[in-house]
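What follows is a short report on a single structure.
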Amino acid sequence: MKPLRPFTSIATAVLILMANSSDAALTAGTPAPEFSAPAFLAGKPFTFNLADALKKGPVVLYFFPAAHTSGCNVEAHLFSQAIDKFKARHATVIGVTAGNVDQLVDFSQETEHCSGKFAVAADPGAKIAKQYDAILAQKPEWSDRTSYVIAPSGLIVHVYSNLDPKEHVKETLDAVTALKK
C-alpha cells in the first residue's frame, strides 16, 4: 500500500488546486438572498438592506476576504476609482466581508481603500457569504472574492468569482451597463 500513498497525496493536492470557488457561487437567474447587515460609509455606521437598495437600481454585491489585506485593498481602491461610473448607471456598490470586521470603520474611509465612496458591510460568522455560496475554501470563516450583480427585480444577473481582485470592477460594470440596454 505504501506506493499508493504518494499518488493519493498528489491526487488530493490536484483536486484542491482544481477546486474553483466559482463552482460554488450562485448562478445568474437565481433570486438573490435577502439580507441586512451593519455597514459603514466614510466611517459612519448604518444598516444596509438589500431590498431597500434594489428599489434605487441594480446592486453590485462584492464579497471580499478581509479588510486591510493586500488583494482586498486593491479591489476596494479599484471600486472607489470607478464609483462614479456605477452611480451614473444608478447602481449601488456594497462590499461585504466576514474577515477583520472590526476594521471596517477605517477601511471604509481610508483614501487608499474605499475613500468613503461606497459602503462596506460586516458579515460576522460569514452568514451572508454562506447564503451566497461565497466562502473562502482556504479559510472558511472568511468570505471568498465573489462579485454579484443583482437586478432591481432581485434576480442575480452576473457572477464573477476570482481571488485576483483586478477584474471584478470591469466584470460588474460591464454587467450593470448591459442591464441598461
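Listed values, structure above:
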| item | result |
| --- | --- |
| Complete set of residues in segment 29-51 that are assigned to a strand (DSSP E or B) and aliphatic (A, V, I, L, M) | 37, 39, 41 |
| Enumeration of residues in segment 153-181 that are at pLDDT 95 or above, part of a loop (DSSP other than H, G, I, E, B) and open to solvent by 40 Å² or more (accessible area, probe 1.4 Å) | 153 |
| Complete set of residues in segment 52-80 that are without any contact (Cβ under 8 Å) to a residue 60 or more places away in the chain, open to solvent by 10 Å² or more (accessible area, probe 1.4 Å) and in a helix (DSSP H, G or I) | 52, 70, 73, 77 |
| Members of segment 81-115 found to be open to solvent by less than 40 Å² (accessible area, probe 1.4 Å), under 18 Å from residue 170 (Cβ atoms) and in a helix (DSSP H, G or I), listed by number | 82, 83, 86 |
| Residues of segment 120-152 that turn out to be assigned to a loop (DSSP other than H, G, I, E, B), open to solvent by 40 Å² or more (accessible area, probe 1.4 Å) and touching a residue at least 24 places away in the same chain (Cβ under 8 Å), as a count | 6 |
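The values are calculated or read from the model by the stated rules, or taken from the named source; none is laboratory data. Treat the numbers as computed from the prediction; the structure is a model and nothing was measured. Here the Cβ is made from the backbone with ideal geometry for all residues, glycine too, and neighbour counts use every protein chain on show. Side chains included, ligands, DNA and RNA excluded: accessible areas come from the protein's heavy atoms. Shrake-Rupley method; radii C 1.70, N 1.55, O 1.52, S 1.80 Å.
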